[in-house]
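One structure is given here, and the rest of the page talks about it.
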Amino acid sequence: MLKAISSIVIKKDLFEINGKSQPLPENDGTLKGLMSAFYHSLNMSYPKFHKMDNLSKLGVIGVELLKQEHDLESYQDDAIALHFQNASASLDTDWVHQQNINEGKAASPANFVYTLPNIVLGEIAIRNKWYGENLFTLADQFDQDRWMKTNQVLVAQNKAEAVLGGWVEVLEEAFELELYFVAKE
Amino acid sequence: MSYIGAEHIISPLGVGAHVNFAKAQQGISGLKKHEHYDHAPSNIPFGIIEDYNLEKGLTKLESLVLQSCQYSLSRMNDLEGKWLMIFCTTKGDVDRLAAGLSKEVRPQFVAEVVASKLDIQMDIEVVSNACISGLLGVVMAHDYIATNNYDKVMVIGADVFSEFTCRGFESFMALSDRECKPFDANRNGLSLGEAIATAVVTGDKKDFMACPKEVLGGASANDANHISGPSRTGEGLYRSITKALKQSALQVGQIDAISAHGTATRYNDDMESIAFHRMGLTKQPVNSMKGYFGHTLGAAGLLELVMCMQSMDNNEMLATKGCESPGTTEKINVLTENKAMQLNTILKTTSGFGGCNAAAVIRKVEC
């Protein structure tokens, strides 16, 4: 059986590590500002971060926080599956691309590349050099039992030893991250 | 163990898996220039479905997905049991976004609408994992059946042409100005297409009216290299094929042929040739279906797997339409003409943005 070993939750005015409330880093009240504040509080030196859309930033920050709680270095580079879910896919970034079209402006390749929700999996994989299974699914609400059932299948089929993921949702200024690291008990 | 059957395709080539295979077998392509189609630049060929019936109150995508599902269900002997629908798409009905953000733009909305109109109750899972979505859906279906989580899984791969996607690929300068030429030395980009493909995966071959194929196994892997550029070493594709073979309990030498992704962009096709070379898969016949259908994004993996199933029935691997003189970093055996051959096992591969790759193996079944 799989069990959630560590968790990171970041929502509006809420930040929890393993269920314990934490102070949010000082920020300007925007999602972009909050992501920058986390980036600095984590002392990250990763210039690529600044090119990412907010969905990818939120996922990458969550994983950085989780790595401080749990040693993931001991796993082989393809042993951790990434399985994330959300409601709005990449609509936050899609909307920017669509507005360019609506207004007759040129499309931006740097923006268009983020118009797929699984790009956050790619950003996490690149940052951590993880070559494991990838799965991005959509649902109106996070169904943790269902999400976990799929994880059980991935592990039962010997495709992963552990799963990192959960709920990563961004639409304009609304956002939610519920990130779990699950592994065998 | 799982079986895949009751397959169906709706594409510019026509309606039905047999019809699509027969047209492709004759070398007919669904790609052409559209003079009067909204949002499609008239000087670039696209694969757009022009002849179709709209269901009352439904969009083109919803209508075609519903029709394809209904056909697949009609080809089952047994509809009993616990069903799952896996809807695989990159963008769903993204055209709706032009009018603003709404819940109806969410890809899962299409799946909910279609599920509500089917006679059978199904759980819904929506996979949006770039251009590996359709094949990943089949791999998931196989894994759910193998672990007894469901009795039957309806897998759907569906994406329609949209101004949204067209303008994006244009901005990448990834669109070819002529029908795409996968694996050709002179390839210069992809062609966009649209298609709907469906199939049912179950644990019992007797569930199907026509003889199904066995899904031996599959897997996905990330390149961990770049979000839009293919890996120079083909790492993720190499790893996904290695894992898919392990899942299938097969050796490289037991693969009869490969249905590749073959988008006809310079770097993608080179990357695939490198991964196949690293695997020792240089002798097996390889084809790409993109010259017949264009790149159908989230539908591609399932659409092209269904074409593999048809190939098995016809004992014929199809030519890579558009490829006249193969030219990739590593030499692989790209088919430039249809080839009659025994096909017991076929490897299907896909790769997508976000560095994702998926591979799966199917096997012919005696019924």
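The values are calculated or read from the model by the stated rules, or taken from the named source; none is laboratory data. Just so we're clear, the structure is a prediction, and the values are computed from it rather than from any experiment. Every residue, glycine among them, receives a Cβ derived from its backbone with ideal geometry; neighbour counts consider all protein chains shown.
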- prompt: Taking region A:1-39, which residues are loosely packed, with under 11 Cβ neighbours inside 10 Å and under 17 Å from A:F175 (Cβ atoms)?
  reply: A:D13, A:D28, A:G29
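For the condition surrounded by fewer than 23 Cβ atoms within 10 Å (Cβ to Cβ) and not in a helix (DSSP H, G or I), what is the one hit in B:T336, B:T349, B:T320? Show your work before the answer.
Values: B:T349 fails: surrounded by fewer than 23 Cβ atoms within 10 Å (Cβ to Cβ); B:T320 fails: surrounded by fewer than 23 Cβ atoms within 10 Å (Cβ to Cβ).
Matching residue, one of B:T336, B:T349, B:T320: B:T336.
So, of the residues in region A:133-146 that are within 7 Å of chain B (Cβ to nearest Cβ) and of a type outside the set (D, E), which turns out to be nearest to the chain's Cα centre (by Cα)?
So the first thing to find is which residues in region A:133-146 are within 7 Å of chain B (Cβ to nearest Cβ), and the list is A:133-140.
From what's left, of a type outside the set (D, E): A:134-139.
Details: A:N134: 12, A:L135: 12, A:F136: 10, A:T137: 13, A:L138: 14, A:A139: 15 Å.
By that ranking, first place goes to A:F136.
With the condition kept exactly as written, say whether any residue in region B:110-120 is more than 9 Å from every other protein chain (Cβ to nearest Cβ), under 21 Å from A:W95 (Cα atoms) and modelled with pLDDT of 95 or more.
Step one: list which residues in region B:110-120 are more than 9 Å from every other protein chain (Cβ to nearest Cβ), which gives B:110, B:113-120.
Restricting the remaining residues to those that are under 21 Å from A:W95 (Cα atoms) gives B:110.
With the extra rule that they be modelled with pLDDT of 95 or more, the set shrinks to B:110.
Yes, that holds for at least one residue.
Could you list all residues from region B:76-94 that are crowded, with 19+ Cβ neighbours inside 10 Å and either modelled with pLDDT under 95 or not in a helix (DSSP H, G or I) (or both)?
In the first step, residues of region B:76-94 are kept if they are crowded, with 19+ Cβ neighbours inside 10 Å; the result is B:83-94.
Result: B:W83, B:L84, B:M85, B:I86, B:F87, B:C88, B:T89, B:T90, B:K91, B:G92, B:D93.
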field: Any chance B:A141 is within 14 Å of chain A (Cβ to nearest Cβ), among the hydrophobic types (A, V, I, L, M, F, W, C) and outside any strand (DSSP E or B)
entry: yes
- prompt: Can you tell me which residue in region A:94-127 is nearest to the other protein chains (Cβ to nearest Cβ), limited to those that are under 15 Å from the mean Cα position of the chain (by Cα) and surrounded by fewer than 24 Cβ atoms within 10 Å (Cβ to Cβ)?
  reply: A:I126
query: Pairs, please: C-beta under 7 Å, at least 6 apart or cross-chain, first residue among the β-branched types (V, I, T) and in region B:113-125, second surrounded by fewer than 17 Cβ atoms within 10 Å (Cβ to Cβ) and part of a loop (DSSP other than H, G, I, E, B)?
result: B:I120/B:L79
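Say whether the condition of being closer than 18 Å to B:G134 by Cα, modelled with pLDDT of 95 or more and of a type in the set (V, I, T) is met by at least one residue in region B:273-280.
Here is the first cut: in region B:273-280, the residues closer than 18 Å to B:G134 by Cα are none.
The answer is no; no qualifying residue exists.
What number of residues within region B:171-188 are within 14 Å of another protein chain (Cβ to nearest Cβ) and under 17 Å from B:C131 (Cβ atoms)?
If we filter region B:171-188 for residues that are within 14 Å of another protein chain (Cβ to nearest Cβ), which is where we start, we get B:171-175.
With under 17 Å from B:C131 (Cβ atoms) added as a condition, the list becomes B:172, B:174-175.
Of the residues in region B:171-188, 3 are within 14 Å of another protein chain (Cβ to nearest Cβ) and under 17 Å from B:C131 (Cβ atoms).
Go through B:E194, B:E170, B:E235 for me and flag whichever is buried (at least 19 other Cβ atoms within 10 Å of the Cβ), in contact (Cβ under 8 Å) with a residue 12 or more places away in the chain, of a type in the set (D, E) and more than 24 Å from B:V126 (Cα to Cα).
Answer to the selection: B:E235.
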- prompt: Do you know which residues across region B:260-310 are more than 21 Å from B:R239 (Cβ to Cβ), assigned to a loop (DSSP other than H, G, I, E, B) and of a type in the set (A, V, I, L, M, F, W, C)?
  reply: B:A264, B:M289
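Against the condition surrounded by fewer than 21 Cβ atoms within 10 Å (Cβ to Cβ) and assigned to a helix (DSSP H, G or I), how does B:Y71 come out, does it pass? Step through it out loud before you land on a result.
Numbers: surrounded by fewer than 21 Cβ atoms within 10 Å (Cβ to Cβ): yes; assigned to a helix (DSSP H, G or I): yes.
Yes; evaluated as a whole, the condition is true for this residue.
Is it true that B:D51 is in contact (Cβ under 8 Å) with a residue 60 or more places away in the chain and among the acidic types (D, E)? Show your work before the answer.
Values: in contact (Cβ under 8 Å) with a residue 60 or more places away in the chain: no; among the acidic types (D, E): yes.
Judged against the criteria, B:D51 is not a match.
When residues of region B:14-51 are filtered for being of a type in the set (S, T, Y) and surrounded by 14 or more Cβ atoms within 10 Å (Cβ to Cβ), how many remain?
So the first thing to find is which residues in region B:14-51 are of a type in the set (S, T, Y), and the list is B:29, B:37, B:42.
Imposing the further condition that a residue be surrounded by 14 or more Cβ atoms within 10 Å (Cβ to Cβ) reduces the set to B:29.
Looking only at that region, the number is 1.
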task: Please determine, by comparing only the residues of region A:60-80 that are among the small types (G, A, S) and part of a loop (DSSP other than H, G, I, E, B), which one is surrounded by the fewest Cβ atoms within 10 Å (Cβ to Cβ).
output: A:S74
